[in-house]
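Asker: Can you read through this structure? Questions will come right after.
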Amino acid sequence: MHVGNAGDKFAWFRDEEFARQTIAGMNPLSIQLVTEFPIKSKLDEATYGPADSLITEELVEEQIRRVMTVEEAVANKKLFMLDYHDLLLPYVLKVRKLEGTTLYGSRALFFLTADGTLRPIAIELTRPKSKRKPQWRQVFTPGCDGSVTGSWLWQLAKAHVLAHDAGVHQLVSHWLRTHACTEPYIIAANRQLSQMHPVYRLLHPHFRFTMEINAQARAMLINADGIIEGSFAPGEYSIELSSVAYDQQWRFDMEALPEDLIRRGMAVRKENGELELAIEDYPYANDGLLIWDAIKEWALTYVEHYYPCTADIVDDEELQAWWTEVRTKGHADKQDEPWWPELDSHENLAQALATIMWVTSAHHAAVNFGQYPMAGYIPNRPTMARRNMPTEMGGDDMRAFVEAPEKVLLDTFPSQYQSAIVLAILDLLSTHSSDEEYMGTHEEPSWKQDGAIRQAFEKFKERTREIAEQVDEWNNDPDRKNRHGAGMVPYVLLRPSDGDPTDEKMVMEMGIPNSISI
């Protein structure tokens with residue numbers, strides 16, 4: 001079911017849905033808490049212009065109707081942001097030299113309302129200075145100046161932010177953080193662990209078909225002049241952008257869900273070890289933390305069974321060789337970083353294994369299987385923008401915009417040809433293979449042979465059933481407004497399979513595959 005064909009045909013046009021999909025859409029991994037104001041860039045001012053954002057205290061307080069000061073909003077964890085300013089700004093001038101596309105650095109600011117939903121309040125778009133032109137930047141707000149023109153400018157600004165988010169989703173949240181970064185674990189496991197090794201047996205179902213699907217992606221999707229380069233915002237700089245994001249942002253210890261949420265300010269760990277979310281109704285985090293806890297418990301029980309004491313872990317030459325290769329060969333450029341965990345305790349080993357199991361299963365499911373249902377209607381999630389903002393261009397562009405703003409919006413979206421290509425590939429990526437193996441349902445033969453492990457897996461299996469019931473309960477709770485909008489499908493990307501995954505379900509409801517197999 002496309003969002004565009006749901007009960008509310010204009011949901012894609014509404015601010016409420018734009019905001020909701022930042023925490024319950026196909027890229028819920030970018031939203032972050034604003035912890036200091038004014039907002040500042042870390043880029044070199046001499047090259048890219050002033051570090052301070054044009055989103056001022058006065059502007060924010062006007063948008064939130066002065067119910068509190070900006071200082072109070074930051075202190076009370078009310079301001080959140082999609083910040084693609086520093087990541088994208090170095091690529092703006094390069095991408096603009098490509099035919100039929102454009103780019104900005106962007107920031108989108110949201111306010112957490114009393115009913116637990118987000119409301120977008122400002123978007124800042126920036127083009128850095130060049131040899132011939134000074135820097136251009138502008139802040140857009142809902143309705144802007146209260147005119148029809150202002151309202152359409154806001155829609156255009158949202159379209160640009162969505163294109164940026166679509167690119168970062170595909171190249172960072174999806175390709176880099178799941179497909180690409182799983183390869184070192186697989187290669188090292190096959191080189192250093194025997195097939196009878198307990199850790200190999202635990203991880204084996206999470207590595208199924210990943211190297212094959214990645215090879216196909218390199219041949220057809222992310223290759224030079226391929227589908228991603230031709231249809232997504234960064235164009236021919238797509239994989240370079242992914243590499244830069246890896247260099248600047250990727251840390252193994254932050255790929256576990258709790259640590260990722262804490263890093264983005266979306267959660268804090270309380271004294272009792274429990275996480276407290278900054279947004280209570282955050283579907284990706286709500287469902288994901290249940291899954292994470294189940295995976296972690298299963299991994300820890302498994303580890304404690306095969307390694308009765310800590311010395312057994314430290315002295316396991318195959319295990320240590322595997323982890324050393326992951327770090328020194330799989331991530332040679334980051335091998336000396338202090339954040340790599342040592343496999344020297346039950347907790348550290350279980351945390352490392354659970355992180356890999358999480359990334360290959362639930363993380364990938366959350367960013368993959370909603371692609372066609374949520375982005376199959378291009379206006380809801382354009383993958384690139386083809387026209388600059390008319391306020392930047394002025395003159396004829398502004399006149400054309402005032403006369404026919406809806407045409408300018410349509411011309412900003414991907415072309416019909418690009419849209420058709422994107423539709424086809426998203427449909428393919430969102431499908432489940434006919435022989436998919438699902439979390440909580442697939443049991444390795446070796447697990448059945450050991451009574452304690454069989455019992456531990458049965459407990460894990462039962463826990464996934466309980467999580468599925470909890471997700472259903474949350475989706476039926478009208479007070480949890482972020483789980484589905486008017487006419488929107490409920491959030492089921494992290495709902496485990498409750499038996500037969502093909503039992504008259506839409507693709508998002510089929511369950512969580514163990515591995516990255518599509």
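The values are calculated or read from the model by the stated rules, or taken from the named source; none is laboratory data. Not measured: the values here are computed from a predicted model. Virtual Cβ from ideal backbone geometry, glycine too; neighbours counted across all protein chains shown. In case anyone asks, the SASA skips ligands and DNA or RNA and just uses the protein heavy atoms, side chains included. Shrake-Rupley method; radii C 1.70, N 1.55, O 1.52, S 1.80 Å.
Asker: May I ask you to verify whether Ser30 is assigned to a loop (DSSP other than H, G, I, E, B), among the hydroxyl-bearing types (Ser, Thr, Tyr) and surrounded by 15 or more Cβ atoms within 10 Å (Cβ to Cβ)?
Answerer: Yes.
Asker: Anything in the range 69-84 that is open to solvent by less than 40 Å² (accessible area, probe 1.4 Å) and more than 25 Å from Asn27 (Cβ to Cβ)? List them, or say none.
Answerer: If the condition is that a residue be open to solvent by less than 40 Å² (accessible area, probe 1.4 Å) and more than 25 Å from Asn27 (Cβ to Cβ), then Val70 is the only one that fits.
Asker: I'd like the full set of residues that are within 25 Å of His179 (Cβ to Cβ), surrounded by fewer than 24 Cβ atoms within 10 Å (Cβ to Cβ) and aliphatic (A, V, I, L, M), limited to the range 287-303.
Answerer: Hits for the range 287-303 are Leu289, Leu290, Ala294.
Asker: Which of the numbered conditions does Gly116 fail, given that it passes all the others? Conditions: (1) farther than 25 Å from Gln248 by Cα; (2) in contact with a helix residue (DSSP H, G or I) (Cβ under 9 Å, 6 or more places away or on another chain).
Answerer: (2)
Asker: I would also like to ask the following. Going by the structure shown, is Glu462 farther than 30 Å from Thr117 by Cα and modelled with pLDDT of 95 or more?
Answerer: Here the answer is yes, as Glu462 does meet what is asked.
Residue by residue, here is whether (1) part of a loop (DSSP other than H, G, I, E, B); (2) under 30 Å from Thr56 (Cα atoms); (3) basic (Lys, Arg) holds:
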{"site": "Val92", "(1), (2), (3)": "no, yes, no"}
{"site": "Arg137", "(1), (2), (3)": "no, yes, yes"}
{"site": "Thr149", "(1), (2), (3)": "no, yes, no"}
{"site": "Leu156", "(1), (2), (3)": "no, yes, no"}
{"site": "Glu183", "(1), (2), (3)": "no, no, no"}
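Asker: When only residues in the range 193-206 that are closer than 20 Å to Leu300 by Cβ and either in a loop (DSSP other than H, G, I, E, B) or hydrophobic (A, V, I, L, M, F, W, C) (or both) count, which is farthest from the chain's Cα centre (by Cα)?
Answerer: His197
Asker: Of all residues in the range 294-323 being free of Cβ contacts under 8 Å to residues at least 24 places away in the same chain and in a helix (DSSP H, G or I), which is farthest from Val199 (Cα to Cα)?
Answerer: By that ranking, first place goes to Ala311.
Asker: Follow-up. Filter the range 85-116 down to the residues that are within 30 Å of Asp477 (Cα to Cα) and either open to solvent by 10 Å² or more (accessible area, probe 1.4 Å) or hydroxyl-bearing (Ser, Thr, Tyr) (or both) and list them by number.
Answerer: Across the range 85-116, the qualifying residues are Phe111, Leu112, Thr113, Ala114, Asp115, Gly116.
Asker: For Ser130, indicate whether it is over 30 Å from Gly370 (Cβ atoms) and either at pLDDT 95 or above or of a type in the set (Ser, Thr, Tyr) (or both).
Answerer: Yes, satisfied.
Asker: Go through the range 47-74 residue by residue and tally those that are touching a strand residue (DSSP E or B) at 6+ places or on another chain (Cβ under 6 Å), touching a residue at least 60 places away in the same chain (Cβ under 8 Å) and aliphatic (A, V, I, L, M).
Answerer: Going through the range 47-74 one residue at a time, the tally reaches 2.
Asker: A further question on this structure: Kindly indicate whether Asn190 is part of a loop (DSSP other than H, G, I, E, B) and of a type in the set (S, T, N, Q). Explain how you work it out, then say what you get.
Answerer: Values: part of a loop (DSSP other than H, G, I, E, B): no; of a type in the set (S, T, N, Q): yes.
The answer is no for Asn190.
Asker: If a residue must be charged (D, E, K, R) and crowded, with 21+ Cβ neighbours inside 10 Å, how many such residues does the range 202-233 contain?
Answerer: The total comes to 1.
Asker: If you don't mind, another one. Please give the number of the condition Asn214 fails out of (1) in a helix (DSSP H, G or I); (2) among the polar types (S, T, N, Q); (3) over 30 Å from Ile467 (Cβ atoms).
Answerer: Condition (3) is where Asn214 drops out.
Asker: All but one of (1) at pLDDT 95 or above; (2) polar (S, T, N, Q); (3) in contact with a helix residue (DSSP H, G or I) (Cβ under 6 Å, 6 or more places away or on another chain) hold for Thr391, so report the exception by its number.
Answerer: The number of the failed condition is (3).
Asker: Search the range 261-286 for residues that are open to solvent by less than 20 Å² (accessible area, probe 1.4 Å) and pair each with any residue that is in a loop (DSSP other than H, G, I, E, B) and among the aromatic types (Phe, Trp, Tyr) when their beta-carbon atoms are under 7 Å apart and the residues are at least 6 apart or on different chains.
Answerer: Partner pairs satisfying both residue conditions: Met266/Tyr282; Pro283/Tyr491.
Asker: How about the range 426-473: which of its residues are β-branched (Val, Ile, Thr) and either open to solvent by 70 Å² or more (accessible area, probe 1.4 Å) or over 21 Å from the mean Cα position of the chain (by Cα) (or both)?
Answerer: Answer for the range 426-473, where residues must be β-branched (Val, Ile, Thr) and either open to solvent by 70 Å² or more (accessible area, probe 1.4 Å) or over 21 Å from the mean Cα position of the chain (by Cα) (or both): Thr441, Ile453, Thr464, Ile467.
Asker: Can you tell me how many residues within the range 365-408 are farther than 19 Å from Val168 by Cα, of a type in the set (A, V, I, L, M, F, W, C) and open to solvent by 10 Å² or more (accessible area, probe 1.4 Å)?
Answerer: 5
Asker: Can we say Leu423 is aliphatic (A, V, I, L, M) and open to solvent by 50 Å² or more (accessible area, probe 1.4 Å)? Talk me through it step by step, then tell me what you get.
Answerer: On the way: aliphatic (A, V, I, L, M): yes; open to solvent by 50 Å² or more (accessible area, probe 1.4 Å): yes.
So Leu423 fits the description; yes.
Asker: Mind checking which residues of the range 364-408 are among the hydrophobic types (A, V, I, L, M, F, W, C), over 30 Å from Pro283 (Cα atoms) and assigned to a helix (DSSP H, G or I)? Step through it out loud before you land on a result.
Answerer: Going through the range 364-408, the residues among the hydrophobic types (A, V, I, L, M, F, W, C) turn out to be 365-367, 369, 374-375, 378, 384-385, 389, 393, 398, 400-402, 404, 408.
Next, from what is left, pick out any that are over 30 Å from Pro283 (Cα atoms): 389, 393, 398, 400-402, 404, 408.
Within the range 364-408, Met393, Met398, Ala400, Phe401, Val402, Val408 qualify.
Asker: Please verify whether Ser434 is assigned to a loop (DSSP other than H, G, I, E, B), over 22 Å from Leu162 (Cα atoms) and without any contact (Cβ under 8 Å) to a residue 60 or more places away in the chain, treating the condition exactly as stated.
Answerer: yes
Asker: For Thr126, work out the one condition from (1) open to solvent by less than 50 Å² (accessible area, probe 1.4 Å); (2) in contact (Cβ under 8 Å) with a residue 60 or more places away in the chain; (3) closer than 30 Å to Asp479 by Cα; (4) not small (Gly, Ala, Ser) it doesn't fulfil.
Answerer: Against the list (1) open to solvent by less than 50 Å² (accessible area, probe 1.4 Å); (2) in contact (Cβ under 8 Å) with a residue 60 or more places away in the chain; (3) closer than 30 Å to Asp479 by Cα; (4) not small (Gly, Ala, Ser), Thr126 comes up short only on (3).
Asker: Restricting the search to the range 157-201, which residues are of a type in the set (S, T, N, Q) and buried (at least 21 other Cβ atoms within 10 Å of the Cβ)?
Answerer: The answer is Gln170, Ser173, Thr178, Thr182.
Asker: Just one of Arg119, Arg132 is outside any helix (DSSP H, G or I), free of Cβ contacts under 8 Å to residues at least 40 places away in the same chain and open to solvent by 20 Å² or more (accessible area, probe 1.4 Å); which is it?
Answerer: Arg132
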